[in-house]
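Step one of this worksheet: look at the structure below.
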Amino acid sequence: MLDLPDPGPAELRRARRGVFSVYRFQTRLEPPIDWGMDPHESARFQAHLSNWHFLDTLLGGYRQTGDPRLLRQAAEIALDWTAANPRSDPQGGPGTWSGKITGDRAPRLAYILRASQCPGVLRPDERRTLTASLREHIDILMGPESEGDTNHALYVQLGVAGVMRQLPGFPGAEDILDEVASRFERILRGRLAEGVWLEHSTSYQFLAIRVVERFLRWVGGRRPGLERDLQRMRRAAAWLVAPDGRHTLLGDSRMLTAPDDIAAFAERQRGMKVFRDAGIAVVRGDGSHLVVAAGFHNTTHKHADELSFELSEAGRRVVTDTGMYHKDPGEIRDFVVSARAHNTLTVDGETFKVTSPGRAYGSALLATGEGEGWYAILGRNPLLRKQGVRHQRLFLYRPGQALIVLDRAEGEAEHRFERHVHLAPAVRVRGAGRGAFELGAPGFAGHLRQAADTARTARGERDPLAGFMATDYREWRPRTSLELADRGRELLEAFALSFGDADARLVEPRWRAGRITATLRLAGEGAQRVEVRRRGDRLTVRVGR
């Protein structure tokens, strides 16, 4: 019933010697084990030590080879953990018995108990010890820990389902499965909007999909409603796959490769998709991809990324968010979640406060539309009202040609307005005269035009941190970041990214209620008048001589 790996020969040899990969860290684990160890100052390491994920090598090896010595080795580690981690004073710390970690660990404990029925693996007293521990796991998973509303609560239900399917003789197993299935569906739908899992993260969208897939396998039977939810989640996830086949970096995300079926679906999508309730708008073309984030639903995995965006052209990333370096407290985490680490507008150098549930506003997408080959997305940042500033941002995008970002900010006092643009690590940036930058990467060329009072670039700076992107866990990549700064009571300025020979500029913008006009200059096409009109949540775009 467990989704166990088939470990390679080298990995299995290391495990037999007591060396395991604990969230990528090679660690010797031979009883007696220090279950409170944290040699890497990593919350991920501690969690994976407590959830027994590393035991999958032994359990998968046992399933693969039938060698009872592997199962006995796993059982000895489980017994050592049980002795060292009573609920009243666990050596591994208070998180050891949290719902998510308990839910991860329980099916592995159940597997050991079921598989060790073959003679000689467990003595009767050892079986009693592990059985009592499993009952304690179930008590926790069926108690208050099951009532949360995050992905952790989904894992709690998954853990119970994994135990019940492996031990069908458990008293009331079928009734328990029905109960956790109802809870699972309620928790999932409480955080779904148009198929988007509302935890502000592309990678957690994919994580939630994997949890639903596993739950459907483990709980058994037909669950039509849950299967429909899963299909909606897969379709939504496809829009969040960049043309390189990997996750976009919204919130706590890593550049992981999308599953083949979802990546294939993503390649077929064209045009605009608006997840209005989620606060996400996406435009996709041939090798082009724009994702705009404008939502705050809860504090889970939330970054200060109001009206941030990611952009790919010619099949490669051009503008990126920062991603998740790790979640351990400190300077790096503070930087990663801050507004200046995203493609945002900030005021007076302050970040947005996103740690209070009371500040959640839902979706801040105001209107979307298209016309003349251009797509338009309009949103606002409600969090800037705490600084006495009203801010709206308009995205005008023509895939393969140009992205124009127009900001209107108004305050009662003078402020410093900073617009942040973070380019992908492979994009080279070279000054090309006042307000102009040339952009280049293998297979890509472009321009950035802006008219800020000052423009500052940073790349790989440590004090303070600036010009970095996290592509994976604890993996920094230097990249060029720009800060475009202006002073005044008001800001009405655009910056333009153009691709190939387009070289776009937006000048003389005017923004009145329901109507935005400007002059658009595109290399080779001359000056054009662009007009964006708003009616409710719909925008229309007109471009002409």
### Query
Within segment 284-319, which residues are more than 20 Å from MET255 (Cβ to Cβ), part of a loop (DSSP other than H, G, I, E, B) and either open to solvent by less than 10 Å² (accessible area, probe 1.4 Å) or out of contact with any helix residue (DSSP H, G or I) (no Cβ under 9 Å at 6 or more places or on another chain) (or both)?
ASP286, ALA294, HIS297, ALA304, GLU306, LEU307
#### Entry: Criterion (in a helix (DSSP H, G or I), of a type outside the set (Phe, Trp, Tyr) and surrounded by 16 or more Cβ atoms within 10 Å (Cβ to Cβ)) met by exactly one of ALA208, ALA281
ALA208
### Task
Name the single residue, out of those in segment 225-246 being more than 20 Å from VAL274 (Cβ to Cβ) and not in a helix (DSSP H, G or I), that is most open to solvent (accessible area, probe 1.4 Å).
ARG246
### Message
Against the conditions (1) open to solvent by 50 Å² or more (accessible area, probe 1.4 Å); (2) out of contact with any helix residue (DSSP H, G or I) (no Cβ under 8 Å at 6 or more places or on another chain), where does GLY143 fall short? Just the number, please.
### Response
(1)
#### Entry: Residue match in segment 30-46 (condition: more than 28 Å from GLU475 (Cβ to Cβ) and in contact with a Ser or Thr (Cβ under 7 Å, 6 or more places away or on another chain))
no
#### Entry: Residues within segment 38-66 that are open to solvent by 20 Å² or more (accessible area, probe 1.4 Å) and either of a type in the set (Asp, Glu) or farther than 15 Å from ALA15 by Cβ (or both), tallied
9
### Message
Which pairs turn up if I take residues in segment 40-59 that are touching a residue at least 12 places away in the same chain (Cβ under 8 Å) and acidic (Asp, Glu) and look for partners that are open to solvent by 50 Å² or more (accessible area, probe 1.4 Å) and not in a helix (DSSP H, G or I) with beta carbon separation below 8 Å, at least 6 apart in sequence or on another chain?
### Response
ASP56/PRO5
## Note on the structure
Among strands (runs of 3 or more DSSP E) entirely within segment 395-484, at least 2 residues that are in contact (Cβ under 8 Å) with a residue 12 or more places away in the chain and open to solvent by 40 Å² or more (accessible area, probe 1.4 Å) occur in 402-422, 428-431, 444-450, 454-459, 475-478
### Those residues of segment 1-32 which are open to solvent by 20 Å² or more (accessible area, probe 1.4 Å), in contact with a strand residue (DSSP E or B) (Cβ under 8 Å, 6 or more places away or on another chain) and in a strand (DSSP E or B), in sequence order
VAL19, SER21, GLN26, ARG28
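The values are calculated or read from the model by the stated rules, or taken from the named source; none is laboratory data. Values in this document were obtained by computation on a predicted structure and should not be read as measured data. Here Cβ is always computed from backbone atoms with ideal geometry, including for glycine, and neighbour counts include all displayed protein chains. These area figures cover heavy atoms from the full protein model, side chains too; ligands, DNA and RNA do not enter into them. Shrake-Rupley method; radii C 1.70, N 1.55, O 1.52, S 1.80 Å.
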